[in-house]
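One structure below.
Where a number appears in this text, it was derived from the coordinates with a stated rule and is not lab data. Quick caveat, the model's predicted, so the values are computed rather than measured. Because the Cβ atoms are built from the backbone with ideal geometry, glycine has one as well, and the counts that use them run over all protein chains shown.
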Amino acid sequence: MSIEGKVIAITGASSGIGEAAARLLAARGAKVLVGARRTDRLEKLVAGIKAEGGEARFRAVDVTSRDDVEAFIDFAKAEFGPVDVLVNNAGVMPLAPMAALKVDEWDRMIDVNIRGVLNGIAAVLPDMKARGSGQIINVASVGAHIVVPTGAVYCATKYAVWAISDGLRQESPELRVTTISPGVVATELGNDISDAGAKGVLSELRKAALTPDAIARAIAYAVEQPDDVDVNEVIVRPTASPL
């Protein structure tokens, strides 16, 4: 099966996994809409994709806003047609011990990592259901399967993404639902960590880290399967990672 011609919308695409996925999927013939808050980076990404002969558009999107996400998907439909694949990739990871009581950071993780995924699903699900086809890919984390110190709330949000994905899969036999669970990846995720200890731990873990293109290839693998094949989950870790 081919990715060529599919309309694919990607959130959190201004860097890291989202950017790498956009480049790879566009190179394989997808019509890509990329979204994030940093439109200057999106503009450069789209220009680069077009320079390589790909099709791409961009639009600012705040995944915590249901209206914003709906407008993002409406823009994709106006530019390219109905969305075949949504990649819910936006996420934040301000790790810290629970006792630090960084409640504002807890709220931010819940808003972006959980509500952002739900907003994406809500924006595409009615149309996909009506057409009887479509794919929703939710980027979770190895943290959807393990819990580590400083990561309790982050891991909880990723466990939630896993649960939401599997519930949606069970309820939607006409759709394909995929969870991508990356291990440690060298991205900007975690740059918002304000706890010095947690920042040090992440720095150590990233001594054995994947590059974003490894996760992009996993996403492409899930997309390129025949319509009757649903890759439910892919866990991708660095070979040398202890987590």
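Would you confirm whether or not the range 169-176 contains a residue that is surrounded by 18 or more Cβ atoms within 10 Å (Cβ to Cβ) and assigned to a loop (DSSP other than H, G, I, E, B)? Yes.
Considering the range 1-115, the qualifying strands (runs of 3 or more DSSP E), each wholly inside and each with 2 or more residues that are of a type in the set (A, V, I, L, M) and under 24 Å from Ala140 (Cβ atoms), run over 7-11, 31-36, 85-88.
Listed by first and then second residue, the pairs linking a residue in the range 142-161 that is of a type in the set (Lys, Arg) to a residue that is assigned to a helix (DSSP H, G or I), with Cβ atoms under 6 Å apart and 6 or more places separating them unless they lie on different chains, are Lys158/Gly143; Lys158/Ala144. Evaluating Ile193 against the criteria (1) of a type in the set (Val, Ile, Thr); (2) in contact (Cβ under 8 Å) with a residue 60 or more places away in the chain; (3) in a loop (DSSP other than H, G, I, E, B); (4) surrounded by fewer than 20 Cβ atoms within 10 Å (Cβ to Cβ) leaves one unmet condition, (4). Any residue at all in the range 230-243 that's of a type in the set (D, E, K, R) and either assigned to a strand (DSSP E or B) or in contact with an Asp or Glu (Cβ under 6 Å, 6 or more places away or on another chain) (or both)? There is at least one residue in the range 230-243 that is of a type in the set (D, E, K, R) and either assigned to a strand (DSSP E or B) or in contact with an Asp or Glu (Cβ under 6 Å, 6 or more places away or on another chain) (or both).
Taking the criterion of being closer than 30 Å to Arg28 by Cα, in a loop (DSSP other than H, G, I, E, B) and either hydroxyl-bearing (Ser, Thr, Tyr) or out of contact with any Ser or Thr (no Cβ under 7 Å at 6 or more places or on another chain) (or both), the residues of the range 196-217 that qualify are Arg206, Ala209, Thr211.
Taking interchain pairs and intrachain pairs at least six residues apart, which have beta carbon atoms under 8 angstrom, with the first residue in the range 36-62 and within 22 Å of Val117 (Cβ to Cβ) and the second loosely packed, with under 14 Cβ neighbours inside 10 Å? The qualifying pairs are Phe58/Glu43. With respect to Val229, determine if the residue is over 22 Å from Pro94 (Cβ atoms), among the β-branched types (Val, Ile, Thr) and buried (at least 22 other Cβ atoms within 10 Å of the Cβ). Considered against the rule, which asks whether it is over 22 Å from Pro94 (Cβ atoms), among the β-branched types (Val, Ile, Thr) and buried (at least 22 other Cβ atoms within 10 Å of the Cβ), Val229 comes out as no. I'd like to verify a number: residues in the range 209-241 that are of a type in the set (Ser, Thr, Tyr) and within 17 Å of Asp84 (Cα to Cα), how many? Number of matching residues: 1.
Filtered by the rule that a residue be among the charged types (D, E, K, R) and touching a residue at least 60 places away in the same chain (Cβ under 8 Å), the range 1-16 gives a lone residue, Lys6.
Gly29 - would you say it is surrounded by 17 or more Cβ atoms within 10 Å (Cβ to Cβ) and at positive phi? No, not satisfied. Looking across the range 124-148, the residues that are surrounded by fewer than 22 Cβ atoms within 10 Å (Cβ to Cβ), touching a Pro at 6+ places or on another chain (Cβ under 7 Å) and not acidic (Asp, Glu) come down to Arg131, Val142.
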